[in-house]
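The values are calculated or read from the model by the stated rules, or taken from the named source; none is laboratory data. Not measured: the values here are computed from a predicted model. Glycine also receives a Cβ, built like all others from the backbone with ideal geometry; neighbour counts cover every protein chain displayed.
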Amino acid sequence: MTLERRRWIWAYAFMAIPLLFFLGIRIGPTIFAFWVSLHQWDPIALKRPYIGLDNYTRLADDPIFWKALRNTWIYVLVGVPVSLIISLSIALGLQRLARYVGFYRILYFAPYVTSLVAVGWVWRWMYMPNGLFNDLLGRTGLGPFNFLGSPSTAIYAIIATTIWQGLGFQVIIFLAGLESVPTVYHEAAAIDGASGWQRFRDVTLPLLNPTLVFLIITGVINNLQVFTQIRAMSSQGTGGPLNSTISIVLYVYQQAFQSLPSKMGYASAMTVVLFLMILAITVFQLKVLSRNNNDY
Amino acid sequence: MTTNTVVRADSAVPITDVVLRPDPLSASSRLHVVTPRRYDTRRTVARWLLYLILLVGGLGMIFPFIWMIASSLKRAADIYSLSLIPPSPTLDNYREVLQRTEYARWFANSLVVATITTISVAFFDSLAGYTLAKFRFPGSFFIFVMILSTLMVPTEMLVIPWYMMSINLQWTDSYWGIMFPGVISAFGVFLMRQFFMGVPNDLIDAARLDGFNEFQIFWKIALPLVKPAVAALCIFTFLGNWNAYIWPLIAVRSEEMRTLPVGIAFFSSEAQSAFHLIMAAAALATVPVLLIFIIFQRQIIKGIVLTGLKG
């Protein structure tokens, strides 16, 4: 046996368990999810008839699915930009601090390490009609607001909590990104008479682009999968009131695991839609990132 | 790190002053501006203001935790009193939560699941990452692309097939049933591959000449060189599994096999509006993690940055 062959055997031995895992627990189930989405699938029923694309056509006629899809994109399109603006501002401030940076980082990062279920309930408590926020607003003569109980505000109340929880991660990544921006460029721009805003827009932001792309993509993908905070914060955890906070993943969970009879085929069709959206974003990301590599 | 800060702090001085000056072009005007006293007062005020604003924001960030603890120490009658300091502090809420729930068991479950998953991910992801970085064998590129492609599939798409698998193989209500989807992570394989690419081949060849077998090279030579990356991966994996919610929610039926987030969620929705109890439960779930975070904050943040930037 040649030396090369012997190394191949080592390599296959090293990869055996990981390969088994990825084939059996990741790739197999992915294909199976497509298969299930083509059936009317109730795990306890004896028959699981093949119904072609019926689940998908039914999705198109399901007002709750459209509501969930629309809400999911509200979570993304409001949550991501707002949290990026706030976290970048904080990072720009923290970057200027010479001392106590560790202490400040603890403050901003702490929510990120805690369980979203637990902090979701803490926020729910603060949002209550007779809770803290309304008490404070009441003292200034405003309110009371039924933050989580009103269809027009509930989703934004949940978004606020989501932003709060994820802010620390973005601040830390922005700080790391800002550290890699050489100060020489700033000095050069300043000597050329660029104002603070101009230096930010024309020097910092372009050099921060890879960080920005990374945070946008992870933010979009995380928000597309929003679930836990809605379970913790919406009334009865069902995405209410009036489905105003329901997301795709929550609707999937309800259809597959809470409805009787269980509609796993229908729920799988929804997960396929979610997958296609994430796929599109990933492909977009690869294009944007490869363009960046040519630029710099 | 320190040198960076020093350079930045120093270079910030001329920039600010030049910008505030109408005629920034000549170098001599720059020297003019930096008269020690004026520059000092302005800079000090601006800096104190910045410290203050960021402090207020930071306290706002941790305020929900303060409010949680304050509420958890109040009696049921005082819960709507909305003062930061409980009128008559009590630990009764904690006692009641501990009595009414299987908190200790849930905590132990989360600990077991997160620890075993983390060890498994650290070992197998390193091994797979090392193999994909340092071995050329038939199919290696295909395998790499295949593993990478699984990153695009959201967990939510897989929970239904996993659930069916668990039922058929009778994995429900077991630790393995909670852990199996996460014992190896594609992201970790990719991350470790990135880091192992930086290990010099000469070192590996030298070890081969010394008579090490391939596993010994991985374990004794290569792995110690990427320790920071392994540590980062461990932190990331542990946190993710400790706080995981959707899959443990589906995988577990019995009360005593719940993980902490799942148990807390059930308890909170059953307790409905008994917020003094819910806040005690929330505190029991978050305070241990917060303490560990405060102790290891430097390592944890470094780890998050490392995994975040390479990923």
> Is it true that some residue in the stretch B:257-277 is more than 24 Å from B:LYS227 (Cα to Cα), of a type in the set (S, T, N, Q), crowded, with 18+ Cβ neighbours inside 10 Å and modelled with pLDDT of 95 or more?
Replying inline: yes
> Cβ-Cβ below 8 Å, separation at least six or inter-chain, first residue in the stretch A:222-249 and over 9 Å from A:THR72 (Cα atoms), second surrounded by fewer than 17 Cβ atoms within 10 Å (Cβ to Cβ) and not small (Gly, Ala, Ser): which pairs?
Replying inline: A:PRO241/A:PRO151; A:LEU242/A:PRO151; A:ASN243/A:ILE64; A:SER244/A:PRO151
>> Cβ-Cβ distance below 7 Å, separation of 6 or more or different chains: which pairs start in the stretch A:28-42 with a residue that is more than 7 Å from chain B (Cβ to nearest Cβ) and end on one that is of a type in the set (Ser, Thr, Tyr) and surrounded by fewer than 16 Cβ atoms within 10 Å (Cβ to Cβ)?
In response: A:LEU38/A:TYR50; A:HIS39/A:TYR50
>> For the condition in contact (Cβ under 8 Å) with a residue 12 or more places away in the chain, of a type outside the set (A, V, I, L, M) and at the interface with chain A (Cβ under 8 Å from one of its Cβ atoms), what is the one hit in B:PRO261, B:PRO248?
In response: B:PRO261
>> Of all residues being charged (D, E, K, R) and over 31 Å from the mean Cα position of the chain (by Cα) in the stretch B:75-109, which is surrounded by the most Cβ atoms within 10 Å (Cβ to Cβ)? Just the residue, please.
In response: B:ASP78
> Which one of these is free of Cβ contacts under 8 Å to residues at least 24 places away in the same chain and under 30 Å from A:ALA280 (Cα atoms): B:VAL145, B:VAL121?
Replying inline: B:VAL145
> Could you list, in sequence order, the residues of the stretch B:99-122 that are at pLDDT below 95, more than 14 Å from chain A (Cβ to nearest Cβ) and part of a helix (DSSP H, G or I)?
Replying inline: B:GLN99, B:ARG100, B:ALA104
>> Among the residues that make up the stretch A:74-89, is at least one of them exposed (fewer than 14 other Cβ atoms within 10 Å of the Cβ), among the aromatic types (Phe, Trp, Tyr) and away from chain B (no Cβ under 11 Å)?
In response: no
> Conditions: (1) at pLDDT 95 or above; (2) within 14 Å of chain B (Cβ to nearest Cβ); (3) more than 24 Å from the chain's Cα centre (by Cα). A:TYR104 meets all but one. Number of the miss?
Replying inline: (1)
> Can you find even one residue in the stretch B:229-238 that is buried (at least 24 other Cβ atoms within 10 Å of the Cβ) and either closer than 30 Å to B:ALA76 by Cα or at the interface with chain A (Cβ under 8 Å from one of its Cβ atoms) (or both)?
Replying inline: no
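Residues checked against (1) of a type in the set (Lys, Arg); (2) more than 9 Å from chain B (Cβ to nearest Cβ):
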{"position": "A:THR228", "(1), (2)": "no, no"}
{"position": "A:SER235", "(1), (2)": "no, yes"}
{"position": "A:LYS263", "(1), (2)": "yes, yes"}
{"position": "A:ALA269", "(1), (2)": "no, yes"}
{"position": "A:VAL273", "(1), (2)": "no, yes"}
>> Tell me the residue from B:GLU102, B:GLU156, B:GLU96 that is under 30 Å from A:PHE32 (Cβ atoms) and among the charged types (D, E, K, R), please.
In response: B:GLU156
> Does the stretch B:288-302 hold any residues that are more than 9 Å from chain A (Cβ to nearest Cβ) and either within 27 Å of B:TRP106 (Cα to Cα) or surrounded by fewer than 16 Cβ atoms within 10 Å (Cβ to Cβ) (or both), and which are they?
Replying inline: B:PRO288, B:LEU291, B:ILE295, B:PHE296, B:GLN299
> Which one is farthest from the other protein chains (Cβ to nearest Cβ) among residues in the stretch A:128-162 that are among the hydrophobic types (A, V, I, L, M, F, W, C), surrounded by 20 or more Cβ atoms within 10 Å (Cβ to Cβ) and closer than 19 Å to A:VAL76 by Cβ?
Replying inline: A:ILE155
>> Just checking: which of the helices (runs of 4 or more DSSP H) contained wholly in the stretch A:72-157 hold 2 or more residues that are within 21 Å of B:LEU239 (Cβ to Cβ)?
In response: A:101-113, A:116-127
